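Peer 1: Would you mind keeping the following structure in view while I ask a few things?
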Amino acid sequence: MAERKAIVILGASGDLAKRKLVPALNALNQNKRLDPDTIIVGSGRTFFSDQAFRNRFNAPEGFRELLYYHQGIQGLKQFIEEKGAFSRIVFFCALPPSTYGQTAQELRAEGFGKEAALIIEKPFGYDRASAQVLNTELTKYFNETQIFRIDHYLAKEAVQNILVFRFANPVFTPVWNSECIESIQINAFESEGVADRGAYFDSAGIVRDMIQNHLIQLLCLLTMDVPVSLNAEEIQKKKISVLKTMQVLSCNRFQYQGYHDEKGVAPGSTTETFAELKLVINNPRWKGVPVYIRAGKAMNRKGTEIGIRLKPLPNLLFNEKGAVQPNKIVFLIQPMPGIVLDVATKIPGKHYQIAQTPMKFCYRDSFDSNIPEAYQKLLEDALNNDRTLFVSAKEAEASWELFGPVLDAGKVEGYEKFALPFTRFSFDWIDFERYPGACSK
Ligand SMILES: NC(=O)c1ccc[n+]([C@@H]2O[C@H](COP(=O)([O-])OP(=O)(O)OC[C@H]3O[C@@H](n4cnc5c(N)ncnc54)[C@H](OP(=O)(O)O)[C@@H]3O)[C@@H](O)[C@H]2O)c1
């Protein structure tokens, strides 16, 4: 008999459930990606009848019948058993992170065991020590293989494509090292400030909220060695190996003007809303290649992108005067995903004058523009017990360890809202402003 599955959203009255999880499950159902007979159970301290819960999401017919609600964890096992026999039950903790340990304990006490999987959202701790405490707490009740740590960046198509770009296109294999690459640069810019998440953000800052997790995961995918298979453990092994050789050399922190007036922000807060970092990777492949990362809120534009700048040509032939720009590969992650390869091209009619011209791939030109939302992929994978796009305990801890020396360290400088702070590094950033529009409509 086919395995029957259930997904339980704990904290189902919250923002994440409403904006992301239920819509993602609805889309999976519409696209026939949910196994038949899967049920979706909301749970929380608030009381809802099944009817009231279904109405909260304007759930369309064909989907609303899959939704149920149970108040609290006590009695949840019996409630689910009354709906049928389920061999896989995925619990999505859409809850404050401080409750993860207690929730795992309550689920275990309620009698959930081998059939259960637990999805948790970042932050996975606040630093190395608290991440370790959380991992120890969770593994008292469930095995590591039952714990799914979400990094929704890993489920973005343009991020998954990094491994394909690197390992399915032999043209790039010989250049993917310090012999040919001059630097790696990553940006993650948001045009909005902290909006209504001021209290959460103020306790974290941009290094914890974006860089330590999402951007370091991107860097791992960009720099890890080839795994022997696409098996989750093999990929995680390679990511950890490269992560453990990374070192943060400096971190400059900035805060936008007017941040203190945001709702939920503590008076006198020194939380950074923008940071720029320099890292190195101390292994033979990446020796001497600096990595620069910038992330911030209230920037002049929105966009996440990765730039790989290759080493310049020697000063002969077309580059006698050193004017030919080195090749660049730019991965556009969001909002409009694609890849641009900047190449030198002869300007027609001119005597070997050279211009930088983009060769580009845009998702919207090559594929159906309807790219599934990250949560759809993650929920589907968790239901199917595929851990490839989830973060292991070891990765989470190694990533915190990397940031140990720079978290909250040093002074915080101000910057004008909706402007990019002037870099403190004497380094020539790629002119990323040339690329964000490359794949726009
Ligand atoms: N919202 C986002 O866009 C977003 C993005 C990234 C990560 N996350 C993470 O996802 C998780 C959920 O986010 P959210 O924005 O949905 O959170 P939320 O709205 O603050 O809380 C979700 C639900 O958790 C329950 N809850 C609150 N305090 C609790 C407590 N002390 N003990 C037990 N239950 C409690 C509440 O439901 P009841 O009162 O009914 O129990 C609440 O509706 C958090 O870990 C957050 O960091 C959220």
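Peer 1: At 222 nm, what helix-only mean residue ellipticity would the chain give, in deg cm²/dmol to the nearest 500, using -39500 (n - 2.57) for each DSSP H run of four or more?
Peer 2: Roughly -7000 deg cm²/dmol at 222 nm, from the helical runs in the chain.
Peer 1: I want to check a number: in segment 5-121, how many lysine pairs have alpha carbons closer than 26 Å, given a sequence separation of 8 or more or different chains?
Peer 2: The result is 15.
Peer 1: Right, something else. Helix 100-109 against the longest principal axis of the chain: what's the angle in degrees, Cα atoms only, rounded to the nearest 10?
Peer 2: Helix 100-109 sits roughly 30 degrees off the main axis of the chain.
Peer 1: THR136 to SER203: extension gain in nm, 0.36 nm per residue of separation minus the Cα-Cα distance?
Peer 2: The THR136-SER203 span can extend by a further 21.8 nm.
Peer 1: Three principal axis extents, largest first, for the C-alpha atoms of the chain, in Å?
Peer 2: Rounded to whole Å, the extents work out to 79, 52, 39 Å.
Peer 1: In terms of the Cα gyration tensor, with a ≥ b ≥ c the square roots of its eigenvalues, is segment 64-170 rounded because a/c is under 1.5, prolate because a/b exceeds b/c, or oblate?
Peer 2: Oblate shape, in that a/c is at least 1.5 and b/c is the bigger or equal ratio.
Peer 1: Picking from THR173, THR103, THR270, which is most flexible by a Gaussian network model of the chain using Cα springs under 10 Å?
Peer 2: Of the options given, THR173 has the highest mean-square fluctuation.
Peer 1: Please give the peptides 379-388, 49-58 ranked by average Cβ packing (other Cβ atoms within 10 Å per residue), highest first, as a rough proxy for protection.
Peer 2: Most protected by this proxy first, the peptides run 379-388, 49-58.
Peer 1: Let me ask another. Build a GNM of the chain with springs between Cα atoms under 10 Å: which of LEU389, LEU118, LEU317 gets the top mean-square fluctuation?
Peer 2: Sorting by GNM fluctuation, first place goes to LEU317.
Peer 1: Right, another one. Provide the FRET efficiency to the nearest 0.05 for the ASP225-ASN31 pair, computing r from the beta carbons and using R0 = 22 Å.
Peer 2: Once rounded, the FRET efficiency stands at 0.05.
Peer 1: Quick one: helix 374-383 against the long Cα principal axis of the chain, what's the angle to the nearest 10°, folded into 0 to 90?
Peer 2: So the helix axis and the longest Cα principal axis differ by about 50 degrees.
Peer 1: Under 8 Å for C-alpha pairs, at least 6 residues apart: give me the relative contact order for the chain, rounded to a whole percent. Walk me through the intermediate numbers first.
Peer 2: Numbers: 774 pairs, mean separation 78.7, N = 441.
Relative contact order of the chain: 18 percent.
Peer 1: While we're looking at this one, here's another question. Consider a paramagnetic label point 7 Å from the Cα of ARG424 along Cα→Cβ; state which residues of segment 290-310 have an amide N under 18 Å from it.
Peer 2: Correct set: 291-297.
Peer 1: Using a Gaussian network model on the chain with a 10 Å cutoff between Cα atoms, which of VAL228, VAL265, VAL289 fluctuates the most?
Peer 2: VAL228
Peer 1: For the chain, find the longest principal axis of its Cα atoms and tell me its angle to the long axis of helix 232-243, 0 to 90°, nearest 10.
Peer 2: Computed tilt is about 50 degrees.
Peer 1: When only alpha-carbon atoms count, how far does segment 5-121 stretch along each of its three principal axes, as whole angstroms with the largest first?
Peer 2: Over segment 5-121, Cα extents along the principal axes are 35, 29, 25 Å.
Peer 1: Stokes-Einstein D for segment 118-218 at 10 °C, 1.306 mPa s, Kirkwood Rh over Cα pairs, in µm²/s?
Peer 2: In µm²/s, the coefficient is 96.
Peer 1: A further question on this structure: State, to one decimal in nm, how far the label point of SER366 lies from the label point of ASN58, with both points 7 Å from Cα in the Cβ direction.
Peer 2: 3.5
Peer 1: Still on this structure, please answer the following. When a/c reaches 1.5 or more, the comparison of a/b and b/c decides; with that in mind, is segment 319-365 rounded, prolate or oblate per its Cα gyration tensor?
Peer 2: The shape class here is oblate.
No value in this document is a laboratory result; all are computed from the given coordinates. All of these numbers come straight from a predicted model, not from anything done at the bench. Note that each Cβ is placed from the backbone with ideal geometry, even for glycine, and that neighbours are counted across all protein chains shown.
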